[in-house]
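Asker: Quick one: structure below, then a few questions.
The values are calculated or read from the model by the stated rules, or taken from the named source; none is laboratory data. What you see is a predicted model; the values in this text were computed from it and never measured. Don't worry about glycine lacking a Cβ; one is built from the backbone with ideal geometry, like all the others, and counts go over all protein chains shown. Accessible surface areas use protein heavy atoms only, side chains included; no ligands, DNA or RNA. Shrake-Rupley method; radii C 1.70, N 1.55, O 1.52, S 1.80 Å.
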Amino acid sequence: PFTPVAGRARHGLLSMTPRSLVATDDPEVRALVAARSASAHLAVGFGLSAARYLEGLGMPAVFEEAEPRQIQGQAEQATAWPQRARLRLTWWKHAHYLRRLAGACAAITVVSEQEQRSLISIGVEASRIHLVPNGADAADLARPRVVATPPRLIYAGAVTYPPNLDAVTWFLAEVMPRV
């Protein structure tokens, strides 16, 4: 969750790094990642909040599931001028930051062609971007299954991402009672 460290949010206004990342940067996590990277061969950051710690590791890094369209879409859809100005500045900072972060990564994954086009449009090298759509392998779904007792359902998405939480809430309220 977004829990800014006191005093950093104001500094983020003047930074080229998005304010939310400046305000929530964790030096302990950064130090831990740097220390553990000494014995690793590859670093993977899932989402922007983790991928930000990939810079400067000196090893191949993968930015897993970049989602630039979320912020870009908010900036494009804002109607009132103060909100539009703030969100466009936010998107400009994110675009600048994503280009820089992409330069530190051997690969970036996205789940849609729209996300891929968004990264390319801001100057991320297309050869680094790999489309890995959400979904399931049909062949894997056809293989025989052993049913767990009792049956279990696992949602592997991050429920800290509001659309995912909405999906889980809806599923539990609307679908599970019918199952």
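Asker: Show the residue pairs that are 6+ apart or on different chains and have beta-carbon atoms under 6 Å apart, the first residue being within the range 80-104 and over 18 Å from Leu48 (Cα atoms), the second being at pLDDT below 90 and surrounded by 15 or more Cβ atoms within 10 Å (Cβ to Cβ).
Answerer: Taking only residues 6 or more apart or on different chains, the pairs are Arg84/Ala78; Arg88/Ala75.
Asker: Select the strands (runs of 3 or more DSSP E) contained entirely in the range 43-132, then report the ones holding at least 2 residues which are over 12 Å from the mean Cα position of the chain (by Cα) and exposed (fewer than 14 other Cβ atoms within 10 Å of the Cβ).
Answerer: Counting at least 2 such residues, we get 129-131.
Asker: Ok, one more. Cβ-Cβ distance below 7 Å, separation of 6 or more or different chains: which pairs start in the range 39-59 with a residue that is under 17 Å from Leu21 (Cβ atoms) and end on one that is open to solvent by 80 Å² or more (accessible area, probe 1.4 Å) and in a helix (DSSP H, G or I)?
Answerer: Here the result reads Tyr53/Arg30, each pair linking the range 39-59 to a residue that is open to solvent by 80 Å² or more (accessible area, probe 1.4 Å) and in a helix (DSSP H, G or I).
Asker: Then there is this: Determine which single condition Gly135 fails, assuming it passes every other condition in (1) assigned to a helix (DSSP H, G or I); (2) free of Cβ contacts under 8 Å to residues at least 12 places away in the same chain.
Answerer: Going through (1) assigned to a helix (DSSP H, G or I); (2) free of Cβ contacts under 8 Å to residues at least 12 places away in the same chain one by one, Gly135 breaks only (1).
Asker: Any chance you could count how many residues in the range 154-174 are surrounded by 10 or more Cβ atoms within 10 Å (Cβ to Cβ) and in a loop (DSSP other than H, G, I, E, B)?
Answerer: Qualifying residue count, the range 154-174: 6.
Asker: Any residue in the range 157-179 that is under 22 Å from Val111 (Cα atoms) and in contact (Cβ under 8 Å) with a residue 60 or more places away in the chain sitting within a Cβ distance under 9 Å of a residue that is open to solvent by 80 Å² or more (accessible area, probe 1.4 Å) and in a loop (DSSP other than H, G, I, E, B)? List the pairs, counting only those 6 or more apart or interchain.
Answerer: Thr160/Pro1
Asker: Just checking, which of Pro144, Pro177 is farther than 27 Å from Pro18 by Cα, modelled with pLDDT of 85 or more, in a loop (DSSP other than H, G, I, E, B) and not hydrophobic (A, V, I, L, M, F, W, C)?
Answerer: Criteria check complete, one pass: Pro177.
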